[in-house]
1. Which one is modelled with the highest pLDDT, of the residues in the stretch 217-258 that are of a type in the set (Phe, Trp, Tyr) and touching a Phe, Trp or Tyr at 6+ places or on another chain (Cβ under 8 Å)?
2. Counting residues that are among the acidic types (Asp, Glu), which helices (runs of 4 or more DSSP H) fully inside the stretch 140-231 reach at least 3?
3. Looking at the stretch 22-36, which of its residues are within 16 Å of Ala51 (Cβ to Cβ) and without any contact (Cβ under 8 Å) to a residue 24 or more places away in the chain?
4. Give me a count of the residues in the stretch 238-258 that are assigned to a strand (DSSP E or B) and surrounded by 18 or more Cβ atoms within 10 Å (Cβ to Cβ).
5. In the stretch 113-122, what residues are surrounded by 13 or more Cβ atoms within 10 Å (Cβ to Cβ) and either modelled with pLDDT of 75 or more or in a helix (DSSP H, G or I) (or both)?
6. List every residue pair whose Cβ atoms sit under 9 Å apart, with the two residues 6 or more apart in sequence or on different chains, where the first one lies in the stretch 215-230 and is touching a residue at least 60 places away in the same chain (Cβ under 8 Å) and the second, anywhere, is buried (at least 18 other Cβ atoms within 10 Å of the Cβ) and assigned to a helix (DSSP H, G or I).
7. So Asn144 fits all but one of (1) within 17 Å of Tyr81 (Cα to Cα); (2) modelled with pLDDT under 75; what number is the exception?
8. Considering each of Ile87, Ile58 in turn, give the residue that is under 27 Å from Val126 (Cα atoms), buried (at least 19 other Cβ atoms within 10 Å of the Cβ) and modelled with pLDDT of 80 or more.
Amino acid sequence: MKNESREKTIIKTSVIGIVVNLILVAFKAVIGIMVNSIAITLDAVNNLTDALSSIITIIGTKLAGKAPDKEHPYGYGRIEYFSSIIIAAIVLWAGITAFMESWPKIFNPDVTSYTTVSLIIIAVAVAVKFVLGRYVKGVGEKINSQALVASGSDAFFDAILSFSTLVAAIISIFFHISLEGILGVIISIVIIKASIDMIRETINSMLGDRLDHDLSVKIKESICEVDGVYGAYDLLLHNYGPEKMVGSVHIEVDHNLTASDIHGLTRTVTEKIYREFHIGLTIGIYAINGEYDYIRKDLEEIVSQNDDILQIHGFYVYKGTKNASFDIIVDFDADREKVKAEVYDKIKEKYPDFEFMILDDYDVSD
């Protein structure tokens, strides 16, 4: 139900973008030809690519909404990322073309003849694109749609660039100085940069960028609200589209719990997280035996003296064997083996009768 509502919102917002951009294309193209302005004409072309981007967003959203099947059990959500890449490529092409057409105009400027009507329409276009950009970007952020956020940001750029065109027109009228070529180059560079940023952001999502810190903290706090859970660690999330996430997490529980107790506890946690975040989690278990808390506290004191250690967790002493193990998270930039050796030597010196096994963990969330 949530996915259907999201899909309808994306399509509705994209259709609004298409209609508004096509209207702006018509007005700007006519004005650009009438007054012989390369900047206004290029601005019209940019609006046309915006409309095309919205069409691709709709197609991508419809394909991404297909139900999971045997070949793709996690669904088709990642198609949204491919549609974002296509949109970015179209914008990049528009920027390169604009640059190639504008550069010669710097040295051989065209004569422009702006009218009051043309200036008024450009001013209206600035206001329309600003409102459209704010609306589309806001909807995109609300429903986690990279394509809509990109379209909204692009509309903001359009508003700024159209405003620059308006300023250049006024300068041309009063001072008889042509800035069309220079402005066209600036427009093209901004378009190219925006497209590269879009490509980089989408590729990061496809590769698996770092989990949002605030989301990680909220999920762990929610898990720890469940009675019987003493800590949440090792949160891993994998996305199969902006709204399809699965992952795993370890929780700390009392070592005296039975299998039946743990079964009920993990069920409670998974249901709670799915209900609140729409994320499917697999739960792993860290057991706590409180009689060895004195060793754990000494270990935490040792760790607190080393800035390269971000966290330790999963501490457990195997009763009767004097064997202990714990996970350690070391900063990516530190010498991991050296840090582990230092921790081992210090805790071993304090408790020579115990054997300690240090397990590698990695800073993937917070």
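1. Tyr233
2. 180-207
3. Across the stretch 22-36, the qualifying residues are Ile23, Ala26, Ala29.
4. Residues that pass the stated criteria total 8.
5. Listed by number, the residues that qualify are Ser118, Leu119, Ile121, Ile122.
6. Pairs found: Ile219/Ile273.
7. (2)
8. Details: Ile87 fails: modelled with pLDDT of 80 or more.
The unique qualifying residue is Ile58.
The values are calculated or read from the model by the stated rules, or taken from the named source; none is laboratory data. Note that the structure is a prediction, hence the values are computed from the model and not measured. FYI the Cβ positions are ideal-geometry reconstructions off the backbone, even for glycines, and counts take in every protein chain you see.
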